[in-house]
Amino acid sequence: MKIVSHIDELPVLTNPAVTIGNFDGVHLGHQRIFREVMRRRGPKVVISFDRPTGFWLGKPDYRGEILPLETKWRIFERFGFEYAVRLSFQEIHSLLALEFVLQLVHRMKDPLVIVGEDFHFGRDRTGNIHLLREWQNRYGYRLKVVSFVKKAKDVVSSTAIRHAVAAGDMELAAKLLGRAYVYQGKVFEGDKIGQKIGFPTINIAVGTQVIPKEGVYASWTLTEDGWHPSMSYVGYRPTVHGKDLRMESHVLSGIPVVGKTVACAFVKKIRDEKTFHNLEELKKMLYNDRVKVLWTLRFYSIKKTLKGLEDRSLWL
């Protein structure tokens, strides 16, 4: 897949199928759009932003990215896109809707534009599917609008997934994503309290992705030597009077961790964060947690957890 930074860096494409959007999470709704693109003949093009628009606009309900920034582009390639345009939101957000459309058709002859029902574009989000329909004959493109995906009563959306992760509802997040939520971060050296009580942990730096609600989770942790069943923790470590939010993962097999960056696939929340009187009480609870995690992971292999996206190269 060839990645460019501007639409005018693309070669002139004839009859391309092109889709446009944030695509944070590449959830089931996005996947429906991508499958529609792949059904078409001609070059396959995806146009997306370097970061979700919520990050740049400072939306109050924006909680962070769903996918690690580079993983999104790797998944685009996995789906079969031949070209990707990685737009800088800061450069594009001031364009009028018509200016954006004119940029698009300048490099593409008779493109088929495939977008979701809620697609907006241009300054102040003034462009939408109704405007695209109105303009298609005038400016020489075709339009295909893909309907929302619903799971039970839930409409699949990046916002709904962010809320689910932030609430610790990893099962709902997985239902909407089509796979488990994965957090990626750099490893740093901690104070080794877990090691002292028999539960050594990988300390994962908190970054710009959505942070799961405080608690203990059944998980899979990816290091340089593969995926490992694990027990992960998010919280402030109240038992040792911690102040900063921490994310830690204990590899159940005890295999030494290799690598400076890891990824953690959150499967299911086991319990909320608790405060214990001492480390011995904490240790006893962790043994109970471990049993629950082992039982949970019996039903969630890494292949079932990530549904074909378990390749290390996608996440690290």
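Numbers for the structure displayed
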{"read-out": "Boolean, Ala174 is at pLDDT 95 or above, closer than 30 Å to Glu281 by Cα and outside the structural domain of Lys284 (by TED's automatic domain parsing)", "value": "no"}
{"read-out": "Restricting the range 171-185 to residues that are under 13 Å from the mean Cα position of the chain (by Cα) and part of a helix (DSSP H, G or I), the residue that is nearest to Tyr300 (Cα to Cα)", "value": "Ala174"}
{"read-out": "Residue within the range 152-169 that is aliphatic (A, V, I, L, M) and either at positive phi or part of a strand (DSSP E or B) (or both) present", "value": "yes"}
{"read-out": "Scope the range 159-171; condition over 20 Å from Ile270 (Cβ atoms), modelled with pLDDT of 95 or more and of a type outside the set (A, V, I, L, M); matching residues", "value": "Arg162, His163"}
{"read-out": "Residue within the range 235-245 that is within 24 Å of Lys196 (Cβ to Cβ), among the hydrophobic types (A, V, I, L, M, F, W, C) and in contact with a Leu (Cβ under 7 Å, 6 or more places away or on another chain) present", "value": "no"}
{"read-out": "Wholly within the range 212-316, strands (runs of 3 or more DSSP E) carrying at least 3 residues that are at pLDDT 95 or above and among the hydroxyl-bearing types (Ser, Thr, Tyr)", "value": "215-223, 226-235"}
{"read-out": "Filter result for Glu224 (under 14 Å from Ile193 (Cα atoms) and under 24 Å from the mean Cα position of the chain (by Cα))", "value": "no"}
{"read-out": "Residue satisfying all of: in the range 29-78; in a helix (DSSP H, G or I) and of a type in the set (S, T, N, Q); surrounded by the most Cβ atoms within 10 Å (Cβ to Cβ) among these", "value": "Thr71"}
{"read-out": "Residues (in contact with a Gly (Cβ under 7 Å, 6 or more places away or on another chain), of a type outside the set (Phe, Trp, Tyr) and modelled with pLDDT under 95) located in the range 110-148", "value": "His120"}
{"read-out": "Test: residue in the range 111-129 that is over 15 Å from Thr19 (Cβ atoms), surrounded by 16 or more Cβ atoms within 10 Å (Cβ to Cβ), within 25 Å of the chain's Cα centre (by Cα) and in contact (Cβ under 8 Å) with a residue 12 or more places away in the chain", "value": "yes"}
{"read-out": "Subset tally (residues that are of a type outside the set (Gly, Ala, Ser) and in a loop (DSSP other than H, G, I, E, B)) for the range 128-151", "value": "3"}
{"read-out": "Residue in the range 188-201 that is under 19 Å from the mean Cα position of the chain (by Cα), in contact (Cβ under 8 Å) with a residue 40 or more places away in the chain and under 24 Å from Pro68 (Cβ atoms) present", "value": "no"}
{"read-out": "Residue within the range 123-140 that is touching an Asp or Glu at 6+ places or on another chain (Cβ under 7 Å) and in the same structural domain as Thr53 (by TED's automatic domain parsing) present", "value": "yes"}
{"read-out": "Test: residue in the range 49-62 that is among the charged types (D, E, K, R) and out of contact with any helix residue (DSSP H, G or I) (no Cβ under 9 Å at 6 or more places or on another chain)", "value": "no"}
{"read-out": "Selection count where residues are touching a Pro at 6+ places or on another chain (Cβ under 8 Å), closer than 20 Å to Gly58 by Cα and surrounded by 21 or more Cβ atoms within 10 Å (Cβ to Cβ), scope the range 144-179", "value": "2"}
{"read-out": "Some residue of the range 13-24 being assigned by TED's automatic domain parsing to the domain that holds Phe79, in a helix (DSSP H, G or I) and modelled with pLDDT of 95 or more", "value": "no"}
{"read-out": "For Ser94: the one exception among (1) over 30 Å from Leu172 (Cβ atoms); (2) part of a strand (DSSP E or B)", "value": "(2)"}
{"read-out": "Residue satisfying all of: in the range 194-211; part of a loop (DSSP other than H, G, I, E, B) and not aliphatic (A, V, I, L, M); farthest from Trp315 (Cα to Cα) among these", "value": "Gly198"}
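The values are calculated or read from the model by the stated rules, or taken from the named source; none is laboratory data. The structure displayed is predicted, hence computed values, not measured ones. Cβ atoms come from the backbone with ideal geometry, glycine included; neighbour counts cover every protein chain shown.
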